[in-house]
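Chemist: Handing you this structure, nothing more for now.
The values are calculated or read from the model by the stated rules, or taken from the named source; none is laboratory data. Source: prediction; values computed, not measured. Every residue, glycine among them, receives a Cβ derived from its backbone with ideal geometry; neighbour counts consider all protein chains shown.
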Amino acid sequence: MKLIKARVQNYRSVEDSGEFEIGDITCLVGKNEAGKTAILSALRALRPSKAQPFEIDETIDYPRRFSRRFDERHPDGEAEVIRTWWKLEAADVAVVEQRFGPGVLKSDGFQVHFGFRYEEDKRTWEIEVDDAKCLEYLTGKHALNATERNVLHGVATGPAADKALSALSERTQKQEALLQEIKKCRESRFSLGIIDLLSARQPRFFFTSHFERMSGMVSLNQLQQDKQQNNVSVGDKIFLSFLEYAGTTLEELIAADRREALKAKCEAASNEITEEIFQFWSQNNALEVVIEIDSGKPSDPAPFNSGIVADIRIRNTNHKATLPLSERSAGFVWFFSFLAQFKQLKKTESNAIILLDEPGLTLHGKAQGDLLRYIVERLLPDHQVIFTTHSPFMVPMDRLNDVRIVEDVISFNQRTGRPELKGTKIHADVLEVSDDTLFPLQGALGYEVTQSMFIGSHTWLVEGPSDILYLQTLSQALRKRGREGMDRRWTLCPSGGIDKIAPFVRLFGGNHIDIAVLSDVANSDRKKIEAVKREQILKAGHFFTAADFVEQQEADVEDLFDPELFAEILNAAYKPPAAKEVTKDSLLAASESERIVKKAEALFRLMPSEVAEFDHFAPARWLLDNPSVLDNDAPAVLTTLERAEKVFAAFNALLSNK
């Protein structure tokens, strides 16, 4: 059976999402705090994976602004949270008809819903069953003759048949067999018997988020205690899933007298997952996972100083060195952890519906594309997948019909001017939503166009995807203020760096394409820039560097941002601990380089290991999703917008006579 539609109500930020269709893959796109996670959590609550118990809690999850009005809003005493629509497949119908006869289902669809204060915490099914056909089939199955059938004259339901047969002082063997068959159904109701059959076949919901990563080092003895106390961390749960996939258990590892054999099992499992990763991981193919199982050493920190310790490490075959899993890129660790969970899921719940909350958030844009390909090629053949994102690189551009826009809707009362909260809504029509909510989809469309080489007649070359996101966001912020943003005739395109500009212009310059360049500049690049200008492959005055718009010799697009604002963006994007929060002063002092990205790189090398490594894309991705940071009139914001406006004015002037 397949989930085809859903509706979420009365849950956290969701007052009523409206009905939204669900396909083989469903992508929920929206800003942070729009309610995307709440939608997944409500779905998950309907039938969570056996390995992931999950319950909704009225005190925590019922919308706070209505908590004192529960009885008023729900006079029947129940508050529906999730309603789902399902379509039966041929195999499901066959199971029902084998037990109750052909044609007993009036439709191949049914609904299931659940919420707060439901009777005995039960899910409610709505399915149309022909009771008369069920009874007729079972009567024929047990070959009751005409005399034996007389007691059922005018009876058409299971409970009525149960009552009539039970009332007989004596029953024939066939009548008794029919009665016992009817009693196998809960309350002797055929619809409940069918629901029990289908419920066992209904997919469960498996949930994972970008925060869930496998522990890099595990004290097996401590984990055994945590299991007994039902206090296992998320990272350790993933480790346990990995052990199950490897064909062993925590207890077996601890009790083993030949640990080498168990280590071999773990290594075999990690090798298989590693091979799977590198069919889709294009960032670095020189990595492999190594499992080391040994006794704790006295000088190690507790609890790793005694008992048995499993150490998961990543070997770089190019550098001939290993590092703890926790010190590798967060993106790779998440990808490995997800595959470990998924491999075990395949062994236990082969038809689960997979819910992914912001998958691959820590991955580079290209790696996010790899992950999207993995979802399509590996997950979709056997699973429906519903995932949330605010990254343009995770939007399936070849399946836009499967994209749903999630928006936290706020309207304003025309009479009082006060905001009226509508809560989280889900739209299939992107024209219904605000520009801010649509922005990730716009970014995805723009990136797809440039990657497909459908270059516009006026192409503005920048170095990379992060520059596109920065310029688009700054342009939008300026336009909201009625100031000059980027002329809509420009098509932004990533060139890949100064070395790629000349080949690009040669490739497309003969097609009557108007090309202009905004390049990052370091002292080491000046000879390259002069060489491009000397070759005269660009029109005079069509080559700019970021340094042309800031008072620096070296600059990147990031240097358009005031350091105070860029520090704010870094803190929001990476969430360092309070003691390590980035300030304007700490950023400026981090490096002698003029370039703010070099200062950020130097500063982040001193961050704790749990803070992700600095890269160009993460701050741009955060700004893309949080453009409202540019809406205030703080001096740092005004300085940034003034610099950006100079850039747009210079490039737009190139089009003045077009």
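Chemist: Could you tell me whether Thr172 is out of contact with any Pro (no Cβ under 9 Å at 6 or more places or on another chain) and either β-branched (Val, Ile, Thr) or farther than 30 Å from Lys36 by Cβ (or both)?
Modeler: Considered against the rule, which asks whether it is out of contact with any Pro (no Cβ under 9 Å at 6 or more places or on another chain) and either β-branched (Val, Ile, Thr) or farther than 30 Å from Lys36 by Cβ (or both), Thr172 comes out as yes.
Chemist: Ok, one more. Could you tell me which numbered condition Ala302 fails, if it satisfies all but one of (1) free of Cβ contacts under 8 Å to residues at least 40 places away in the same chain; (2) assigned to a loop (DSSP other than H, G, I, E, B); (3) among the aliphatic types (A, V, I, L, M); (4) in contact with a strand residue (DSSP E or B) (Cβ under 8 Å, 6 or more places away or on another chain)?
Modeler: (4)
Chemist: Could we say that Glu97 is farther than 30 Å from Asn10 by Cβ and without any contact (Cβ under 8 Å) to a residue 24 or more places away in the chain here?
Modeler: yes
Chemist: From the set of residues in the range 106-131 that are in contact with a helix residue (DSSP H, G or I) (Cβ under 6 Å, 6 or more places away or on another chain) and not aromatic (Phe, Trp, Tyr), which is farthest from Ala42 (Cα to Cα)?
Modeler: This residue is Asp131.
Chemist: Could you give me the residue pairs with C-beta distances under 8 Å whose first residue belongs to the range 233-253 and is aromatic (Phe, Trp, Tyr), whose second residue is surrounded by 15 or more Cβ atoms within 10 Å (Cβ to Cβ) and assigned to a loop (DSSP other than H, G, I, E, B) wherever it lies, and which are 6+ apart or on separate chains?
Modeler: These pairs meet every condition: Phe239/Met214; Phe239/Ser215; Phe242/Met214.
Chemist: Identify all residues within the range 79-125 that are acidic (Asp, Glu) and out of contact with any His (no Cβ under 6 Å at 6 or more places or on another chain); write none if there are none.
Modeler: Glu89, Asp92, Glu97, Asp108, Glu119, Glu120, Asp121
Chemist: Would you call Arg117 in contact with an Asp or Glu (Cβ under 6 Å, 6 or more places away or on another chain) and in the same structural domain as Lys87 (by TED's automatic domain parsing)?
Modeler: yes
Chemist: Can you name every residue in the range 45-81 that is among the charged types (D, E, K, R) and either under 21 Å from the mean Cα position of the chain (by Cα) or surrounded by 17 or more Cβ atoms within 10 Å (Cβ to Cβ) (or both)?
Modeler: Correct list: Arg47, Lys50, Glu55, Asp61, Glu80.
Chemist: For Pro359, state whether it is touching a strand residue (DSSP E or B) at 6+ places or on another chain (Cβ under 7 Å) and modelled with pLDDT of 80 or more.
Modeler: yes
Chemist: Going by the structure shown, is Ile254 in contact with a strand residue (DSSP E or B) (Cβ under 7 Å, 6 or more places away or on another chain), part of a helix (DSSP H, G or I), hydrophobic (A, V, I, L, M, F, W, C) and buried (at least 21 other Cβ atoms within 10 Å of the Cβ)?
Modeler: No; evaluated as a whole, the condition is false for this residue.
Chemist: Taking the condition of being within 13 Å of Ile312 (Cα to Cα) and among the charged types (D, E, K, R), how many residues in the range 250-280 meet it?
Modeler: Final tally of qualifying residues: 2.
Chemist: Okay, next question. State yes or no: is Gln111 out of contact with any Gly (no Cβ under 9 Å at 6 or more places or on another chain), in contact (Cβ under 8 Å) with a residue 24 or more places away in the chain and of a type outside the set (Lys, Arg)?
Modeler: It is true that Gln111 is out of contact with any Gly (no Cβ under 9 Å at 6 or more places or on another chain), in contact (Cβ under 8 Å) with a residue 24 or more places away in the chain and of a type outside the set (Lys, Arg).
Chemist: Quick one: which residue in Leu135, Leu168 is touching a helix residue (DSSP H, G or I) at 6+ places or on another chain (Cβ under 8 Å) and crowded, with 19+ Cβ neighbours inside 10 Å?
Modeler: Answer to the selection: Leu135.
Chemist: What's the number of the only condition in (1) over 28 Å from the mean Cα position of the chain (by Cα); (2) among the acidic types (Asp, Glu); (3) surrounded by fewer than 19 Cβ atoms within 10 Å (Cβ to Cβ) that Asp562 fails to meet?
Modeler: The failed condition is (3).
Chemist: Got at least one residue in the range 328-337 being crowded, with 24+ Cβ neighbours inside 10 Å and of a type in the set (Val, Ile, Thr)?
Modeler: No - not one qualifying residue is present in the range 328-337.
Chemist: For the structure I just gave you, tell me whether Lys539 is assigned to a helix (DSSP H, G or I) and at pLDDT below 80.
Modeler: Here the answer is no, as Lys539 does not meet what is asked.
Chemist: Also, quick follow-up: Against the definition (surrounded by fewer than 20 Cβ atoms within 10 Å (Cβ to Cβ), modelled with pLDDT of 80 or more and either among the hydrophobic types (A, V, I, L, M, F, W, C) or within 19 Å of Ser241 (Cβ to Cβ) (or both)), how does Ile312 come out, yes or no?
Modeler: Criteria not met by Ile312.
Chemist: Right, Gln341: part of a helix (DSSP H, G or I), over 30 Å from Glu420 (Cβ atoms) and assigned by TED's automatic domain parsing to the domain that holds Glu244 or not?
Modeler: So Gln341 passes the test.
Chemist: Still on this structure, please answer the following. Mind checking which residues of the range 623-640 are surrounded by fewer than 20 Cβ atoms within 10 Å (Cβ to Cβ) and not polar (S, T, N, Q)?
Modeler: Pro627, Val629, Asp631, Asp633, Ala634, Pro635, Ala636, Val637, Leu638
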